[in-house]
1. Just to check your reading of the model, which residue among A223, A232 is small (G, A, S) and over 21 Å from G65 (Cβ atoms)?
2. Can you tell me which residue in the range 178-197 is nearest to A223 (Cα to Cα), limited to those that are surrounded by fewer than 24 Cβ atoms within 10 Å (Cβ to Cβ) and at pLDDT 95 or above?
3. Could you tell me whether any residue of the range 107-116 is more than 23 Å from D220 (Cβ to Cβ) and among the hydroxyl-bearing types (S, T, Y)?
4. Could you tell me which of the residues A55, A72, A37 is in contact with a Leu (Cβ under 6 Å, 6 or more places away or on another chain), under 13 Å from A137 (Cα atoms) and of a type outside the set (D, E)?
5. Considering only the range 203-212, I want to know if a residue exists there that is touching a Lys or Arg at 6+ places or on another chain (Cβ under 7 Å) and surrounded by 24 or more Cβ atoms within 10 Å (Cβ to Cβ).
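The values are calculated or read from the model by the stated rules, or taken from the named source; none is laboratory data. As the structure is a computational prediction, the values presented were derived from the model and not from experiment. As a convention, Cβ positions derive from the backbone with ideal geometry for all residues, glycine included, and neighbour counts pool all protein chains shown.
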Amino acid sequence: MHMVEAALIFTRAALRELDRRAVEEYHIPIVVLMENAGRAVAEAALRHVKGQRRALILAGPGNNGGDGLVAARHLHNAGVAVSVLLLAAREHYKDAAAVQLAIVEAMRMPVETVTAGHAELRDWMVDALPEDLIVDALFGTGLSRRVEGLAAEVIGAVNGSGHPILAVDIPSGLDCDTGGLVGGGGAEAVIRAVETVSFCGGKKGFGKARQFTGKVTVADIGAPRELVRELAG
């Protein structure tokens with residue numbers, strides 16, 4: 001998967017339009033874009049796991065979580081010991097994300113749903129080495145309300161774990177357009193990543209959010225070049 005440093009910049013609205021037009025005008029199924037996105041995340045993750053070969057995928061129920069589930073599959077195939085933690089019950093995973101979850105479960109990869117107190121996350125951390133990677137695929141650019149409750153607790157625990165974090169498209173809880181926190185949430189409710197794999201281009205708010213994004217790597221997910229250039233700011 002071709003990766004370059006961020007050049008084109010996108011707003012939340014432009015990214016939503018890119019997905020819509022890729023499907024409706026160019027007949028590219030979301031599941032195809034998701035496959036390309038997840039593979040790019042897996043390639044970035046492989047640079048981090050190196051000899052440790054362990055990774056935890058935190059997957060929300062939306063398309064961002066679907067990207068993470070694709071990455072889990074490719075990491076597994078590369079020999080990484082992958083565990084998956086779902087943020088919501090399985091029935092909340094719909095459409096393309098549900099397809100990816102079904103594939104991961106058919107491959108008999110370890111998949112658990114995080115519960116109150118997030119014991120599942122703490123159990124993984126007990127056996128993990130400090131260098132083991134956590135992949136943040138909880139929330140994407142479409143998040144419009146502040147992160148609260150269990151999701152905020154999970155983000156806080158992950159940030160405090162000392163493990164390197166790789167964010168899928170955008171650190172969960174970060175506002176795509178402003179670089180601030182979605183809905184005015186506290187700084188503890190946004191992922192602090194060492195690297196963010198940003199799809200198609202950078203995000204408008206990234207310039208003010210380096211403490212959350214870490215290094216930004218842009219990945220091509222197969223959207224038509226003409227469409228990408230037209231919608232970039």
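1. Result of the check over A223, A232: A232.
2. E195
3. Checked against the condition, which is being more than 23 Å from D220 (Cβ to Cβ) and among the hydroxyl-bearing types (S, T, Y), the range 107-116 yields at least one hit.
4. Answer to the selection: A55.
5. yes
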